[in-house]
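First up is the structure itself, then whatever we jot down about it.
The values are calculated or read from the model by the stated rules, or taken from the named source; none is laboratory data. All values derive from a computational prediction rather than experimental measurement. Positions of Cβ are backbone-derived with ideal geometry, glycine not excepted, and every protein chain shown enters the neighbour counts. In case anyone asks, the SASA skips ligands and DNA or RNA and just uses the protein heavy atoms, side chains included. Shrake-Rupley method; radii C 1.70, N 1.55, O 1.52, S 1.80 Å.
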Amino acid sequence: MDKVYSVVGYVKLAKLWERSEQSAKTYHQNYYKTKFADTPCYKLYNVYIDITGKKETYKRIEMVRLLKDCQFGYVDCIFTQTKAYLAANTREFCYLLKFLFSMEHRIDIVTEDDAYNINTIANDDNQREALIKMADDFIYLNPPDFRNWLSELTKRINAIEND
């Protein structure tokens with residue numbers, strides 16, 4: 001692997017973690033700093049941590065910040081410990097995949113799930129293409145719903161101040 005990927009960690013924790021917010025954030029930030037400390041092909045750009053009960057992707061502030069950074073080309077790959085952190089249900093997962101994989105700048109996803117992990121960098125078994133097809137097939141069932149979701153996400157991305 002010759003390319004150096006600008007990677008981010010993303011974590012979505014349940015609202016009950018609000019009581020231990022600082023320790024949870026510190027733990028996950030350290031987890032990703034350690035994970036990428038000695039990997040010359042990955043450079044950690046940021047760690048985004050949402051502590052919320054919100055299921056909709058566009059209602060998670062740190063996820064929206066992450067997606068904005070993806071749009072600006074700051075991020076090449078999103079690492080997450082589980083697919084469940086990315087989306088609460090199939091609808092959100094498919095819509096998020098369509099959004100990410102339609103960007104001009106290629107975004108990859110890597111999860112650390114024990115079984116059925118995603119790694120679109122390695123792209124074993126053409127995972128990326130299969131995920132794109134799954135998202136397209138799902139969106140085909142209700143294009144207006146996807147357009148509404150995308151409109152809401154775009155509004156929220158545009159509302160975030162540039163850092």
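Per-residue accessible area (protein heavy atoms, 1.4 Å probe) orders 160, 132, 109 as 132, 160, 109, starting from the largest. Annotation for residue 116 and residue 161: the two label points, set 7 Å from Cα along the Cα-Cβ direction, are 4.2 nm apart. The stretch between residue 30 and residue 18, if pulled fully straight at 0.36 nm per residue, gains 2.5 nm over its current Cα-Cα span.
Among [x] 42, 40, 34; [y] 74, 29, 28; [z] 75, 41, 38, which is the computed Cα extents along the principal axes in Å? Label of the calculated value: [x]. Computed over protein heavy atoms with a 1.4 Å probe, the accessible surface of the chain works out to 56 Å² per residue.
Spatially, segment 1-40 and segment 57-94 are offset by 13 Å when compared through their Cα centroids. For the chain, carbon and sulfur atoms together expose 49% of the accessible surface, with a 1.4 angstrom probe and every protein chain in place.
Where is the GNM fluctuation largest for the chain (alpha-carbon springs, 10 angstrom cutoff): 66, 141, 44? The residue with the greatest mean-square fluctuation here is 141.
Checking the a/c ratio against 1.5 first, then a/b against b/c, what shape does the Cα gyration tensor give for segment 94-163? Oblate, because a/c is 1.5 or more while a/b does not exceed b/c. Free of any chymotrypsin sites (Phe, Trp or Tyr not before Pro) that DSSP assigns to a loop and that have at most 14 other C-beta atoms within 10 Å, the longest stretch within the chain is 1-71. Spin-label model, residue 6 to residue 38: label points 7 Å out along the Cα-to-beta-carbon direction sit 2.7 nm apart.
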